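Notes follow once the structure below has been shown.
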Amino acid sequence: MRSLLQDLRYGLRQLIKGPGFTITAVLSLACGIAATTAVFSVVWGIIVNPYPYAAPDRMVHFALGFSGDGNYNGFGVTADQWRQLRQLPAIEDSILTGFKNLTITGGDLPEDVQVGEMTSNAFNFFGVPTLLGRGLIPSDAPDGKDPQPVVVLGYKFWQRRFQGDPAIVGKTVQLTHQTYTVVGVAPQRFTWGDSDVYLPMKTVAGNEGYQMETRLKPGVSHHMAEQQLQPLIKQFEKETPTHYPPKPGPLNVIGLNDQFLAQIGPSLALLFGAVLLLLAIGCGNVSILLLARGTAREHEFAVRAAIGATRSRIVRQLLTEALLLSLTGAALGVLLAYKLVAVIVGLLPEFSFPHEAAITINLPVLLFCVAVSLITGILFGLSPALRLSRPDVRDAMQSGSRSVAGKASGRALHNTLIAGQIALTLLLLSAAGEAIQGFLKLAHMRLGYDPHNVMSVFIPIRAANYNNIAARAAYVEQLRDKIAGVRGVQVAAISANATPPDNGFEIPVKILGQPAEDRVVRANLVSEGYFPLLRIPLREGRLWTPDENHNAAKLAVINWAFAKRYFPRGDALGHSISFAALTARPPEVVTVPGADGWLQIIGVVEDKLDQGLSKPILPEAFMPHTLGMGPGTQVLVRTDGPPLALLHNIGVQVATVDHDQQISGDIRDLEHWISREPEYARGQLISWLFGAFAVLALMLAAVGLYSLVSYTVVRRTNEFGIRMALGAMRSHVLGLVFRSTVVSVVSGVVAGSICALLLHRVMIHLTSPGAQSFAALLPAIGLLALVAVIASGIPALRAANIEPMTAVRYQ
């Protein structure tokens with residue numbers, strides 16, 4: 001212990017004596033450890049520990065194959081079917097859930113409240129204790145009876161609406177004029193469905209469908225559960241076909257986190273690989289600095305060896321100094337990681353990770369950081385320690401030589417470290433270039449519509465108040481007219497389900513006069529003002545008129561992709577199409593009689609994005625929104641300036657029609673709708689972070705190369721003096737210095753280029769399919785070469801300008 005303390009004290013003195021070396025080494029490590037720790041905290045929060053629920057690894061969803069847009073086909077079960085499913089041997093417990101919008105009054109405008117309805121066993125199912133009070137219990141919703149008027153508040157809603165009042169339990173709150181008693185407050189990480197409040201659900205006998213969440217028994221695999229459930233699901237499909245997709249696939253049991261892992265998992269893996277590369281570059285940098293610094297300490301090590309210090313003692317001393325550097329870098333890296341985590345979370349695609357996830361610097365992350373710092377300290381310190389612990393005592397004592405790495409093996413080690421740094425830096429630069437190239441292509445792609453100064457205002461409609469199509473259509477048109485009258489609004493239009501860039505619902509279509517085939521298109525319900533508001537050009541024919549929209553005329557407008565695919569002769573106008581799925585499902589969905597009949601095509605519009613930013617445009621059909629309406633609609637609003645500035649005034653006008661009518665709390669302009677698309681957010685995340693990591697890697701590589709060339713110059717100063725004294729030109733000395741690094745730099749560029757080309761296949765799946773590997777690689781090579789020339793040139797010029805006699809007397 002005493003000798004260890006001596007090593008620590010001596011190591012600290014050595015580091016304090018060389019502040020330039022210490023600061024450079026610590027910052028090199030801090031950058032790598034900060035990035036690694038921050039990304040690991042995201043990985044831990046999303047992949048390792050995303051949910052606070054009991055046994056989340058056994059919680060599952062059920063789906064029936066995939067829909068046409070690549071999402072899972074969901075289905076609903078009745079209350080009786082749910083009770084049957086709960087009896088299966090594979091199932092430990094299950095709940096029913098549902099979501100709706102209510103309002104809470106008390107301010108100048110009604111506030112939208114996202115409500116999560118749950119069967120009364122839900123809080124026992126989730127196994128999460130409430131922050132205050134209690135959760136829902138079985139007596140809150142007895143079978144066959146109306147639920148008790150009780151409510152559990154979500155944490156964020158409690159903070160926002162009630163300022164975190166600790167005495168809230170027992171007080172009452174009005175939701176759409178019904179009084180509820182607050183019985184509890186959910187903990188911060190309980191965010192199921194992103195609901196503001198949780199109410200007990202009434203399950204009624206009959207054909208009403210509900211969403212189901214299930215936890216499997218221990219030891220039951222997904223495959224085993226599928227085998228047990230499949231026959232029963234087939235039976236339910238025959239009993240209640242309206243609760244199932246038109247063409248259901250085989251039953252899939254999906255883990256609670258499986259969909260999130262499919263979305264964000266590859267991106268996190270790529271980012272974690274990038275920060276490990278950055279950390280490796282930082283470690284290589286410190287190894288080079290330690291070797292270069294060892295030049296000045298050869299005499300010291302020779303003296304220690306001469307007076308009896310063993311090799312293991314010198315190695316321990318050098319490793320102690322390396323660990324001091326790594327732990328100091330880790331401490332600074334953790335501080336930087338706190339800020340970096342917030343940046344990464346802000347860049348994550350909004351719905352690509354569980355909102356229950358606590359992404360922060362916690363104890364497991366800190367333990368990971370300590371482990372990383374210890375491992376990196378040993379890795380970057382071991383090679384210099386082994387090499388410097390064997391000084392040539394006789395030569396060192398005679399001359400005070402600084403040529404500890406002057407042998408061929410020393411030069412090989414230096415060249416290998418530099419080549420590795422160059423290769424890893426080029427790999428990061430190339431990946432960053434591809435990511436940025438792909439993201440810029442995505443950000444500047446042709447949309448087919450104009451989203452500037454347009455926002456989508458979602459308006460939930462209470463189905464019970466407007467339970468027929470005439471009343472609901474008249475109400476929505478009145479709201480649209482009020483919004484259009486707000487000062488600063490240019491035009492307003494109904495877009496029930498057609499707000500791009502990912503819009504419409506995919507349903508089968510029939511074309512009159514053509515063979516019955518499996519044709520699926522995107523159907524959109526809009527008002528006549530939809531097309532001019534979004535500035536979608538009309539290619540042929542006409543649009544329906546306001547009167548035709550009001551009277552629910554059986555007309556349709558199709559996009560150019562529809563016309564090209566199904567009317568290749570260019571004769572789409574005048575043909576008729578029908579959608580059998582356009583049927584009423586009261587009270588939520590109401591339609592006019594014959595809505596599922598033939599609709600005449602009267603116009604063809606230009607294509608716009610309708611399936612996200614990276615997928616091909618699908619055939620689209622647009623119909624008057626008055627043909628069929630659901631329990632909510634969107635009103636598109638084009639304004640003179642930033643649209644969100646008018647949101648309050650729009651809310652005031654909506655309240656003049658119905659004082660209890662809220663507008664959705666999560667309203668954004670259409671440019672933000674684009675940024676919320678998964679491929680956009682993923683491309684932004686990867687390009688920003690890869691770009692930042694690549695810049696850091698380039699700086700570290702420059703420092704490493706500069707340190708190596710400076711070390712080479714110091715070691716060969718006497719040689720350069722003799723050469724110049726014998727008549728060598730300064731350019732010759734410059735050439736000697738540059739040639740000492742050419743092999744390592746070129747080797748690194750070749751190795752990095754090969755790795756970058758291999759990584760290209762991975763990058764195109766995460767950024768843009770059109771990204772060109774050479775388009776990113778060549779500029780990266782050029783930038784790296786420029787930095788290498790500058791980093792080598794500064795010490796080379798210093799060597800060329802030294803006075804010959806001074807250099808000869810240097811040793």
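Among 276-282, 218-224, how do they line up from the highest to the lowest mean number of other beta-carbon atoms within 10 Å?
276-282, 218-224
Figure the gain on full extension for V695 and H223 (residue separation times 0.36 nm, minus the Cα-Cα span) and round it to one decimal in nm.
Additional length available on full extension: 165.3 nm.
Span-like helices, the chain: DSSP H, alpha-carbon axial extent 27 Å or more, mean Kyte-Doolittle -1.0 or greater, which ones?
The answer, listed by residue number, is 19-43, 258-294, 311-347, 363-388, 408-443, 678-715, 730-766, 773-800.
Per 0.36 nm of contour for each residue apart, how much would the distance between Q188 and R311 grow if the chain were fully extended, relative to their Cα-Cα spacing?
Gain in length upon complete extension: 38.7 nm.
Output the relative contact order of segment 1-98, whole-number percent, from Cα pairs under 8 angstrom with separation of 6+ residues.
9 percent
Sorted by average packing, counted as other Cβ atoms within 10 angstrom per residue and highest first, what order do 488-495, 161-168, 97-104 take?
So the order, starting with the most tightly packed, is 488-495, 97-104, 161-168.
Given a Förster distance of 60 angstrom, what is the FRET efficiency for T360 paired with A775, based on the Cβ-Cβ distance and rounded to 0.05?
Using R0 = 60 Å, I get an efficiency of 0.95.
Taking all protein chains in place and a 1.4 Å probe, what share, in percent, of the accessible surface of the chain do carbon and sulfur account for?
Its accessible area is 60 percent carbon and sulfur atoms.
Contact order normalised by length for the chain, with contacts defined as Cα pairs under 8 Å and 6 or more residues apart; what percent is it?
17 percent
Highest first, please rank the peptides 58-65, 111-118, 513-520 by the mean number of other Cβ atoms sitting within 10 Å of their residues.
Top of the packing list down: 111-118, 58-65, 513-520.
Give, as ranges by residue number, the residues of segment 18-59 whose backbone N falls under 14 Å from the point 7 Å along Cα→Cβ of L786.
Of the residues in segment 18-59, none has backbone N under 14 Å from the label point off L786.
With every protein chain present, what is the per residue accessible area of segment 554-598 (1.4 Å probe, Å²)?
Each residue of segment 554-598 exposes 48 Å² on average to a 1.4 Å probe.
State, as an integer percentage, the relative contact order of segment 49-200 based on alpha-carbon contacts under 8 Å between residues 6 or more apart.
Relative contact order here is 25 percent.
Rounded to the nearest whole Å², what accessible area per residue is found for segment 444-511 with the 1.4 Å probe?
Accessible surface, normalised per residue, equals 40 Å².
About the Cα centre of segment 444-543, how large is the charge dipole given +1 on each Lys and Arg Cβ and -1 on each Asp and Glu Cβ? Please answer in debye to the nearest 20.
240 debye
Of M118, G488, T712, which is farthest towards the positive pole of the chain's charge dipole, taken about the Cα centre with +1 and -1 on the beta-carbons of Lys, Arg and Asp, Glu respectively?
Checked the options; the winner is T712.
With a ≥ b ≥ c taken as the square roots of the eigenvalues of the C-alpha gyration tensor of segment 166-241, please select rounded if a/c is under 1.5 and otherwise prolate if a/b is larger than b/c or oblate if it is not?
It is oblate, given that a/c is not under 1.5 and a/b is not larger than b/c.
For L797 paired with N467, estimate the spin-label separation in nm (one decimal), with each label point 7 Å from Cα along the Cα-to-Cβ line.
8.6 nm
In nm, to one decimal, how far is the E719 label point from the D165 one, both placed 7 Å along Cα→Cβ?
My value for the distance between the label points is 8.2 nm.
Going 7 Å from the Cα of T172 in the Cα-to-Cβ direction, what parts of segment 182-204 have a backbone nitrogen less than 20 Å from that spot?
Residues 182-185, 197-200 qualify, since their backbone N sits under 20 Å from the label point.
Is it possible to state the helix-based mean residue ellipticity at 222 nm for the chain, with each DSSP H run of 4+ residues giving -39500 (n - 2.57), the sum divided by total residues, to the nearest 500 deg cm²/dmol? What is it?
Dividing the helical sum by the residues of the chain leaves -16500 deg cm²/dmol.
What full-extension length gain, to one decimal in nm, is calculated for L374 and R487 as 0.36 nm per residue of separation minus the Cα-Cα distance?
34.3 nm
Of Y680, S664, F693, which is farthest on the positive side of the dipole of segment 655-698, counting Cα position, with +1 on Lys and Arg Cβ, -1 on Asp and Glu Cβ, and the Cα centre as origin?
Projecting each Cα onto the dipole axis, the largest value belongs to F693.
Would you give the gap between the C-alpha center of segment 27-102 and the C-alpha center of segment 520-569, rounded to a whole Å?
39 Å
Using +1 at the Cβ of each Lys and Arg and -1 at the Cβ of each Asp and Glu in the chain, identify which of L216, V592, G329 lies farthest towards the dipole's positive end.
Checked the options; the winner is G329.
Let's test the formula: R0 of 45 Å, r as the Cβ-Cβ distance of S731 and L758. What FRET efficiency results, to the nearest 0.05?
Once rounded, the FRET efficiency stands at 0.70.
What distance in nm separates the two pseudo spin-label positions at Y338 and A474, each 7 Å out from Cα along the beta-carbon direction?
6.1 nm
Could you point to the label whose value was computed as Rg and Dmax of the Cα atoms in Å for the structure here, given (1) 34.1, 106; (2) 29.3, 89; (3) 29.4, 94?
(1)
What is the dipole size for the chain, taken about its Cα centre, with +1 at each Lys and Arg Cβ and -1 at each Asp and Glu Cβ, in debye to the nearest 20?
Once rounded to the nearest 20, the dipole reads 4300 debye.
The values are calculated or read from the model by the stated rules, or taken from the named source; none is laboratory data. Fair warning: this is a prediction, and the values are worked out from it, not measured in the lab. FYI the Cβ positions are ideal-geometry reconstructions off the backbone, even for glycines, and counts take in every protein chain you see. When the accessible area is computed, the model is the full protein with side chains, heavy atoms only, and any ligands, DNA or RNA have been set aside. Shrake-Rupley method; radii C 1.70, N 1.55, O 1.52, S 1.80 Å.
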